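Just below is one structure, and these are the notes that go with it.
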């Protein structure tokens, strides 16, 4: 009877204590959320209930397993397995707690500051710090798991003896990876590019969607994802439209006939912008910026509060202006001139300069030809 009750007491007691501690912790955090509704930390810490219960249950089983006398022949292996689970679950709990603290700090900062550029900068830094902490905790957990094996401890002396050579070899082999990692830290704390910035990279326009220690993802306007190493942004030029403010000025070009009504186009541009919600009302203008033998170049200048709205304003102006010209001033559209050329005064169309053509009863008559034919 004792052989049956002892394992039940040990295992059942561990499970009961684990569930009880998890329930009490969740209840206390729920009350803290109700009392401090403006502090998101307590609500985020409730996500740590599962790893906390795993740590608690594993620790109780590891400490009382010898008294349970279950599978005595395999007690060493089961004890080793419980130790590994305890180390892994502890690392899981630490990462969850660190994530909750970081997310809570970022949420409070975002609510206290209304500057989108500063908020994106802090978000980028917080994201990379969170990844660094998770990587460090993961490496330490793996190292602690390996050190629980006697063979690994015995090999530690020989590994330390060759650590210098291995370090040099690893540094040369992982040169590009290390450069990307340092570039990621430089981007995070150098404020070059932030999550949510509008950038132009290799002719592609998009928004920075994710930044890690080794790569950066840009989401283009057509929902594609461009993944690039972060070292590119520290060694190659790129356009950051969100740097120094999100307000933008855009241009729309029209190639029209020389007879285009420029003054009326200015009035029409003003009317179009007044009916466009994306226009921020800061500025607008229309001017002839170039002329060729067949057309003139007319530039419309518009403003908007960010890159998305400037795109909307530009396409709206382009569509409505072309439609208005087609309906009301079709002569202003570019066309190929197939009419006869108008010669300067005193020029004979047959090539005899200075000799006007003879006329007969109001009709021009060519001068007599000379020579054969």
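Read-outs throughout are calculated quantities, based only on the coordinates presented, and are distinct from any laboratory measurement. Everything numeric in this text was worked out from a predicted model, so none of it was measured. Ideal geometry is used to build each Cβ from the backbone, glycine not excepted, and the neighbour counts take in all protein chains shown.
Quick one: length gained pulling residue 32 to residue 20 fully straight, 0.36 nm per residue minus the C-alpha distance? Let's see the in-between values first.
Working: separation 12, 0.36 × 12 = 4.32 nm, distance 1.84 nm.
So the extension gain works out to 2.5 nm.
The alpha carbon centroids of the stretch 82-142 and the stretch 286-308 are separated by 48 Å.
Exposure proxy shown here: for 20, 128, the number of other Cβ atoms within 10 Å sets the order, fewest to most, as 20, 128.
Run the numbers for residue 324 and residue 305: contour at 0.36 nm per residue of separation, minus the present Cα-Cα distance, in nm. If you can, show how the numbers build up before the last one.
Values: separation 19, 0.36 × 19 = 6.84 nm, distance 2.61 nm.
That pair, residue 324 and residue 305, stretches by 4.2 nm at full extension.
Our Cα-only numbers for the stretch 208-345 put the radius of gyration and Dmax at 20.5, 76 Å. Between residue 140 and residue 315, the FRET efficiency estimated from the beta carbon spacing at R0 = 56 angstrom works out to 0.60.
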